[in-house]
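Written below as structure tokens is the structure these notes are about.
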Amino acid sequence: MAVKPETLNGVPLFEKLPDDVRKRFAVWVSEIEVPEGQHLADEGEYAYDLFIIKDGTAEVTQDGNTVAELGPGEFFGEMGVLERAPRNATVVAKTPMTLLTLSSWDVKRLESKSPEAIEQLQQVIEQRRKSA
């Protein structure tokens, strides 16, 4: 189910986007609830969803080693959606979580209707990477 545009207002990934662009994204974004222990991404697999954490925490592992913990406002899966790259880490819910999701299929549809929205999203992701 699509989220209301205001749901994206406090989400760091979308907050730098202009209001009209954020409204276009909201149509394609879904909200899901996952239980503790749920695998959200598995290292080496191809997956096509971008996840933004609304609530809860997730553990990120590479080669069996914990490399990060993600919390509200953080996101993962952008490589699979934007670059068709395999997952470079495994992500598991440490607590029950609420996630916003955007599939690569939705990104493609959005890109055909609003290429500038995807460009802006990619710029935000690049900025986040550089500051990480």
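The values are calculated or read from the model by the stated rules, or taken from the named source; none is laboratory data. Worth saying up front: this structure is predicted, and the values here are computed from it rather than measured. Methodologically, a virtual Cβ is constructed for each residue, glycine included, from the backbone with ideal geometry; neighbour enumeration extends over all protein chains shown. For accessibility, only protein heavy atoms count, side chains too; no ligands or nucleic acids. Shrake-Rupley method; radii C 1.70, N 1.55, O 1.52, S 1.80 Å.
Heavy-atom accessible surface of the chain, averaged per residue, reaches 54 Å², computed with a 1.4 Å probe.
Here the Kirkwood formula, the inverse mean of 1/r across different C-alpha pairs, assigns the stretch 69-132 a hydrodynamic radius of 13.2 Å.
May I ask you to give the percent of accessible area on the stretch 36-132 that is carbon plus sulfur, with a probe radius of 1.4 Å? Could the numbers behind the result be given before it?
Working: 2390 of 5100 Å².
Roughly 47 percent, rounded to a whole number.
Considering only alpha-carbon pairs that sit under 8 angstrom and 6 or more positions apart, the relative contact order computed for the chain is 30 percent. Return, ordered by residue number, the residues of the stretch 23-56 whose backbone nitrogen is under 19 Å from a label point located 7 Å along Cα→Cβ of Lys94. Answer for the stretch 23-56: 34-43, 51-56.
The chain: D in µm²/s via Stokes-Einstein (Kirkwood Rh, Cα pairs, 37 °C, 0.692 mPa s)? Before the final figure, lay out the partial values.
Numbers: Rh = 14.9 Å.
This corresponds to a translational diffusion coefficient of 221 µm²/s.
At q = 0.21, 0.28 Å⁻¹, work out log10 I(q)/I(0) for the stretch 32-95 with the Debye formula, treating every Cα as an identical point scatterer and leaving solvent out; two decimals please. Scattering profile of the stretch 32-95, log10 relative to I(0): -0.80, -1.32.
For the stretch 85-132 versus the stretch 1-57, the spacing of their alpha-carbon centroids is 8 Å.
Take the residue pairs Lys54/Lys113; Lys23/Lys108; Lys16/Lys113; Lys16/Lys94; Lys16/Lys130 and return only those whose Cα atoms are more than 24 Å apart.
Too far apart for the 24 Å limit: Lys54/Lys113; Lys16/Lys94.
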